[in-house]
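Novice: The structure that follows is given in the form of structure tokens.
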Amino acid sequence: MNVHPAEAVGMSSERLQRVSAYLDRAVSNDQLPGIIAVAARRGSIVHHSMHGKMDIEAGRAMEADAIFRIYSMTKPVVSLALMMLHDEGRVMLHDPVSRFIPGFGKTMVYSHISDGRLRLAEQDPPMSVFHLLTHTAGLSYGGEPYHPVDEQFRLASERHDFFQRHVPLADMVGRIAELPLKYQPGSDWEYSVATDVLGYLVQVIADMPLAEFLQERIFAPLGMVDTGFHVPPAQAGRLCAIYGSDASGVPLLIDHADVANGDVRLPTVCPSGGGGLVSTTADYLRFAAMLLNGGELDGARLVSPLTIKRMATNAVPRAWLPLRIGIERYGYGFGLGFRVMLDYGRANGYSSPGEFGWAGAASTHFVIDPVEELVTLMMTQMWSEEPHRPRSIFPNLVYQAIEESYAN
């Protein structure tokens, strides 16, 4: 992307200065350790700033080519990979998952507890590819403290080392298929390991490792040179430190080996489709620009504009809203791998109906707004609840700099 004055695309350079001022405060107030923030409109970068440190202990300032663990921002990438196979006629959205992963044909569904025992039922309807894409498959992350299925998931995860880099992806997905579903497929929405199963599905259908498929079909065509499931030794010095926080919110360093999905400096045989990628701001901006452009960037077309439109269309009944992922997401539904803005009046910002995107557990976040032809992207490495606030405020500060809206 080229860098142009904000005024060339209907925005105010003066008002965009509020972005840097706010993010500087977020760093000085210990909300975030270090940040890269980018905004682009109509193919032009109108804001790019770096704040704070990529490694506090080493006193190392944030650098433009820093590598970040993007966690759940992996999900849109893997969802797109599945849709590429869909567009080749190799899979249909309502195909049963068991057609490709037979173990899920035997998966039972939690019904109730009677006489101290879990009572199970057969799947009705069978779990489909659509259910995986939309997080309506009956799977979970094991986060509900007192639900018996979540308890079984947590125990199985500890016993079988789910998401550990030495456990083959096929083995982990096979173990997940042995656990009961939390609810009947298609009957509720719950954020879950569905995209990890989806990643294995891509691997099975494509008949090649997930990492290879993503590299050959997405990363290489888009010129995403620093994105993958591990950081090679030659690039390890560019990897950001990752932080949690103490009781007062001050960033606390997390050891590389103790973070979710393990030490990304090591190779993995368990590429997590739900949260395993590392990337840079430059790389993920290219991915986001491709989405905004309807599946194409710089002559490389990955999918049809109709595919992106389908993915960015809400697929969740409004009766199930608001989405609940730690906090309630008012105004949003969910499509095939993305949140989708539905209700301008209820959402916590200025984005247009039809805006889509996602976020990562270490507080990364991106927005695609087809109406305003806008992309925002924030990269940082903070595992905490509070950074949800900066990653929500940042795009609002970009929107408030718009002087010429493209909305009708």
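Novice: Scan segment 255-292 for residues that are in contact with a helix residue (DSSP H, G or I) (Cβ under 8 Å, 6 or more places away or on another chain), part of a helix (DSSP H, G or I) and of a type in the set (A, V, I, L, M, F, W, C) and jot them down.
Specialist: Phe287, Met290, Leu291 - these are the residues of segment 255-292 that are in contact with a helix residue (DSSP H, G or I) (Cβ under 8 Å, 6 or more places away or on another chain), part of a helix (DSSP H, G or I) and of a type in the set (A, V, I, L, M, F, W, C).
Novice: Considering only segment 32-50, I want to know if a residue exists there that is over 23 Å from the mean Cα position of the chain (by Cα), in contact (Cβ under 8 Å) with a residue 24 or more places away in the chain, in the same structural domain as Ser304 (by TED's automatic domain parsing) and buried (at least 21 other Cβ atoms within 10 Å of the Cβ).
Specialist: There is at least one residue in segment 32-50 that is over 23 Å from the mean Cα position of the chain (by Cα), in contact (Cβ under 8 Å) with a residue 24 or more places away in the chain, in the same structural domain as Ser304 (by TED's automatic domain parsing) and buried (at least 21 other Cβ atoms within 10 Å of the Cβ).
Novice: Right, something else. Could you pull out every one of the helices (runs of 4 or more DSSP H) wholly within segment 70-177 that has 3 or more residues that are under 30 Å from Ser363 (Cα atoms) and of a type in the set (Val, Ile, Thr)?
Specialist: 74-87
Novice: Output the number of residues of segment 191-221 satisfying the condition of being in a helix (DSSP H, G or I) and surrounded by fewer than 20 Cβ atoms within 10 Å (Cβ to Cβ).
Specialist: Total satisfying the criteria: 7.
Novice: In segment 96-129, what residues are aromatic (Phe, Trp, Tyr) and within 11 Å of Leu198 (Cβ to Cβ)?
Specialist: The one that is aromatic (Phe, Trp, Tyr) and within 11 Å of Leu198 (Cβ to Cβ): Phe100.
Novice: So Tyr146 fits all but one of (1) touching an Asp or Glu at 6+ places or on another chain (Cβ under 8 Å); (2) closer than 30 Å to Pro317 by Cα; (3) surrounded by fewer than 21 Cβ atoms within 10 Å (Cβ to Cβ); what number is the exception?
Specialist: Result: Tyr146 passes all but (1).
Novice: Using beta carbons and a limit of 7 Å, which pairs, at least six apart or on different chains, have the first residue in segment 244-265 and free of Cβ contacts under 8 Å to residues at least 60 places away in the same chain and the second one assigned to a helix (DSSP H, G or I)?
Specialist: These pairs meet every condition: Arg265/Ala236; Arg265/His256.
Novice: Moving to a separate point now. Picking from Leu306, Leu252, which residue would you name as being on the phi < 0 side of the Ramachandran plot, touching a strand residue (DSSP E or B) at 6+ places or on another chain (Cβ under 9 Å) and not in a loop (DSSP other than H, G, I, E, B)?
Specialist: Leu252
Novice: Here is a follow-up. Condition first: under 12 Å from Ala312 (Cβ atoms) and either in contact (Cβ under 8 Å) with a residue 60 or more places away in the chain or assigned to a loop (DSSP other than H, G, I, E, B) (or both). Now tell me which residues in segment 333-351 satisfy that.
Specialist: Phe334, Gly335, Leu336, Gly337, Phe338, Leu342 - these are the residues of segment 333-351 that are under 12 Å from Ala312 (Cβ atoms) and either in contact (Cβ under 8 Å) with a residue 60 or more places away in the chain or assigned to a loop (DSSP other than H, G, I, E, B) (or both).
The values are calculated or read from the model by the stated rules, or taken from the named source; none is laboratory data. Please read these numbers as outputs of a predicted model, since none were measured by experiment. For neighbour counting, all protein chains shown are included, and Cβ atoms are generated from backbone atoms with ideal geometry for every residue, glycine included.
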